[in-house]
Structure formats: C-alpha cells, structure tokens
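The values are calculated or read from the model by the stated rules, or taken from the named source; none is laboratory data. Bear in mind that the values here come from a model prediction, so they are computed numbers and not experimental data. Don't worry about glycine lacking a Cβ; one is built from the backbone with ideal geometry, like all the others, and counts go over all protein chains shown.
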Amino acid sequence: MNVLLAEDERINRITLTDLLVKEGHDVTACEDGEGALGHLRTREFDVVLTDLRLPGAGGLDVLKEAKARSPHTVVIMMTAYGTVDTAVEALKMGAYDYLTKPFAPDRLLRILQHVRQFRQVMDENEQLRQRIRRIETSSIVGDSAPMRKLQETIRLVAPREYTVLIRGESGTGKELVARALHDQSPRRDHPFVTLNCAALPASLLESELFGHERGAFTGAVRRHDGYFERAAAGTVFIDEIDDFPLDLQPKLLRVLQEKEIVRVGGSASLGVDVRMIGATKKDLQEEVKTGRFRADLYYRLNIIPITIPPLRDRKEDLIPLAAHFFEKHGAREAFRKLSPPILEYLRVYDWPGNVRELENLVERVIALSDTLGVEEIVRDTLQIEPRNGETGASRRESGTSYSSLMELKEREIITWAMEQAGGNVTVAARLLQLPRSTLRSKLEKLK
Ligand SMILES: Nc1ncnc2c1ncn2[C@@H]1O[C@H](COP(=O)(O)OP(=O)(O)OP(=O)(O)O)[C@@H](O)[C@H]1O
Ligand SMILES: [Mg+2]
C-alpha cells in the first residue's frame, strides 16, 4: 500500500519507515504537517499514518485534508499518552484507528492487516454494485425497432433532469423503464421511490407524498416525512398518475415548477431535490379534455413522453423475452422445451397482459412442466384451441403417407430455424446441427 508517514521525531520516523518498507509498503515520510499536506495535494495515498501533534499543521488538519481529498484513504493517528481525548475526536472525524505511543510494531502491522482486508471488501463491494447496476440497466430486453428506439431515448434522456411521462398498457414495462432512467442518471446512488396513486386512498395520498407536521390531523402524533423528502436527491416515480386527485394536482405542479413542498398542517415551504417520472395506462390528453386532469400539470409532465408499444405490436421480442425470463427464474435449460408449434402459439396470441403475461406464463411452465406437457400448459394458460383444424387441412391436401407427413414436419422445423436465424442459412444450419450443404439442398427441395 501507499503510506504517507508524518512524524516529527527523527528516530521514530526512521524506525517506522524501515518497518513499513520491510513489510512491502511504499512509504513517503515527512516531518511536519505542512509537508504532509503538500504530499496529500500531489498524490493519493492508501494509508496516512500521522502523529497527532506535529509542528506546523496538526494531525487533525492532515486527517481533514486526507479525507476531503479522497474518502477512501485510511487515516491512522499516533498519539502520546494524555492526548487520547483528541484521538477519540479524530475517530469521530473519520480516522480509522489510533495508536498510543509508544506502541509495539505488531500493533501497527495488525491494524494495517485489517486495513488491507477492509479495502478488499470495499473493492469487491464496489465491483458488485457496478455489476448489479449493469445487469439492471441492461435488462430491458427486446431488439425490435421500437425497443431499440426506446433504449436510445432512455440513454439520451436519463442523464438529464427532464421530467418524463411514460405511457403504456398494463405490463409493458413502465416501471422497468422508470428504473432504467433512474439507474442511468447521476441520481442512481440515491433513492428511487415509487408511489402508486391507484393503490393509496386519496385521503392518505397527500400526507404520504408531502409529509405532515405533528398534530396536522387526529392521529398525526409525530412529524412524518413524505415521499419527496425521503427520495432526497433521487427520483420519485408516480405510477397511475391519471388517478392523482384533482384537488392535489396544484401541489404536484408546484413541486415540478418551484421544487417546493408544504407539509400537511405546515406553512413553511421546503425545498425538495427530486426528479419526477410519471406513468399512465390512459391517454392523459383525453383526461385533460374531460376535466379529470389539469392541463398545466399535463404539459409540465409531458416534457418528454415515452410510449412503450404493446407486445402484440413487437412480436419479434417474444423469443428473446421468453429466454430472458427462463434465465431470470433460473431455468435456462427449460427454454429448449419451447418447440416450434409452441412458439407458433405464442406468435398468434394477442398478449393483452403484455410482457407481464409472458413472464407469468414462463413461471407456470417452469413450475408445472415436470408433470404436464409444455404444449398443454401453454394452450391451457392462453386458452388456445389445439391446432387440429390447421394441420388437419394441410394433412388432407398433402396426403397421409409417412413421407408426406415427414415432409410437413421437416418444413415446419426448417421454417422455424430460418426464422430464428433471421434468414441466415449458416446460422440456421448451426442451430439444427446440420451441415450447411444439407440444409441448402433441403431448402431447395422444399422451396
Ligand atoms: N422489455 C423488457 N425486458 C425485460 N423485462 C421486462 C420488459 N418489459 C417488462 N418486463 C418485466 O415484466 C414485468 C412487468 O413490467 P412492469 O411492472 O414494469 O410493467 P408496468 O407497465 O409497470 O405494468 P402495470 O401497468 O401493470 O403496472 C416486470 O417483471 C418487468 O421486469
Ligand atoms: Mg407498473
């Protein structure tokens, strides 16, 4: 580790430097506070080991400077007998530990050993956080044209402070998009708070959202912070915003315009630092026309509208989404059970419950497929009639001989593979584990 040592007594300085160098540390030693501050300004140290009493700037100044420059730097204080109170104060200011002089070298080495472990855990923690963030932000699945455009919009809009209004049918992923906007914004390390207007009675909504003062109403025994205060520096996601009570809408407008709230039963305005994202299943403009939603609030919210198309309008996303959900629920292998006819069921279905409905279906398949056939589960869940009519008809046309039935099956399989491969023969051949030339000749035969 990189160690900065500030110690005015020459003998101590030399002994400690020797000890630390022998342990493999990279040591910069200085004899007074000014010197230590100078080093801190030019480079970053893993550890600062400083005497509390130093000529020039004292150890506490060194501590303050080190922490201000880099919060990850670990500062260890050395203190003479009788100055322990100040050492405790140093701990409060962020010092990692202190040593009372004189101390055995082992004491110092043990502390450094802890520091090393502590740093490892911190590093690991940071890496995990980054990984989770990457998984979360990359988890909007879908490569259809509208989803690619949506991803692009999110990338552009997320880092800015714009208010966003998300529109989409039930289960299209409105909350997921709101989270992505938060996760890709500078507010990502602060809270993301969801308020569902439809789930809260109007009487509670006001105090939940804006907070209330003690005694604001019967039962308000203590002050209560609202969502806007709890989301400080973060994002407030208001779901089903079309349900927001009309008489409270001016208060919401005030948050957007002035970044201010007044608690229920209070009179002072409080500043709030939040970004607001709204979501609705309805056509808000229609709600404005019929007087259920204030026009001024609508325009303020609708600065950046994002519309998520229903799943039936982007069926290319079905297979990647299904694969994603099998993986998400820890059953990557089970995805293989979706045979071509099953995929065909998924394609003809209308998906009124959108992506959520697909996810529910996948969960059902995972739960039940040990006892039931997957095709049966899918048909039952989606309430689709068996395909007898269709295959029966083509069966009659092309005869019922073994070879014509085989050809029918072959056509189905090859069509499926070609669709999966986006028309690319090489990819389709690999998918079916067939030599490319064999697939080619079969394609020619089947036209
Ligand atoms: N493009 C997508 N990629 C991955 N998962 C998705 C996608 N869209 C939706 N989901 C998943 O589908 C489920 C439903 O999404 P979400 O809750 O965001 O929908 P919603 O629009 O808020 O629905 P509602 O209007 O009913 O509240 C969630 O588990 C979500 O993670
Ligand atoms: Mg939702």
Just to confirm my filter: which strands (runs of 3 or more DSSP E) fall fully inside region 1-101 and include at least 1 residues that are without any contact (Cβ under 8 Å) to a residue 24 or more places away in the chain and of a type outside the set (Phe, Trp, Tyr)?
97-100
Listed residues GLY389, GLY330; which is modelled with pLDDT under 85 and outside any helix (DSSP H, G or I)?
GLY330
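Each row is one residue, and each column tells you yes or no for (1) surrounded by fewer than 16 Cβ atoms within 10 Å (Cβ to Cβ); (2) part of a strand (DSSP E or B).
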residue	(1), (2)
ILE277	no, yes
VAL288	no, no
ARG300	no, no
PRO305	yes, yes
Is one or more of the residues making up region 116-138 of a type outside the set (Ser, Thr, Tyr) and within 30 Å of GLU260 (Cβ to Cβ)?
no
Kindly provide the set of residues from region 333-359 that are assigned to a helix (DSSP H, G or I), at pLDDT below 95 and not charged (D, E, K, R), ordered by number.
ALA334, PHE335, PRO340, PRO341, ILE342, LEU343, TYR345, LEU346, VAL348
Kindly indicate the residue of region 227-262 that is farther than 24 Å from LYS281 by Cα, touching a residue at least 40 places away in the same chain (Cβ under 8 Å) and part of a helix (DSSP H, G or I) and also nearest to ligand 1 (Cβ to nearest atom) among those meeting that condition.
GLU229
Wholly within region 116-211, which helices (runs of 4 or more DSSP H) include no fewer than the required count, namely at least 3 residues that are more than 16 Å from ligand 2 (Cβ to nearest atom) and over 26 Å from LEU270 (Cβ atoms)?
145-157
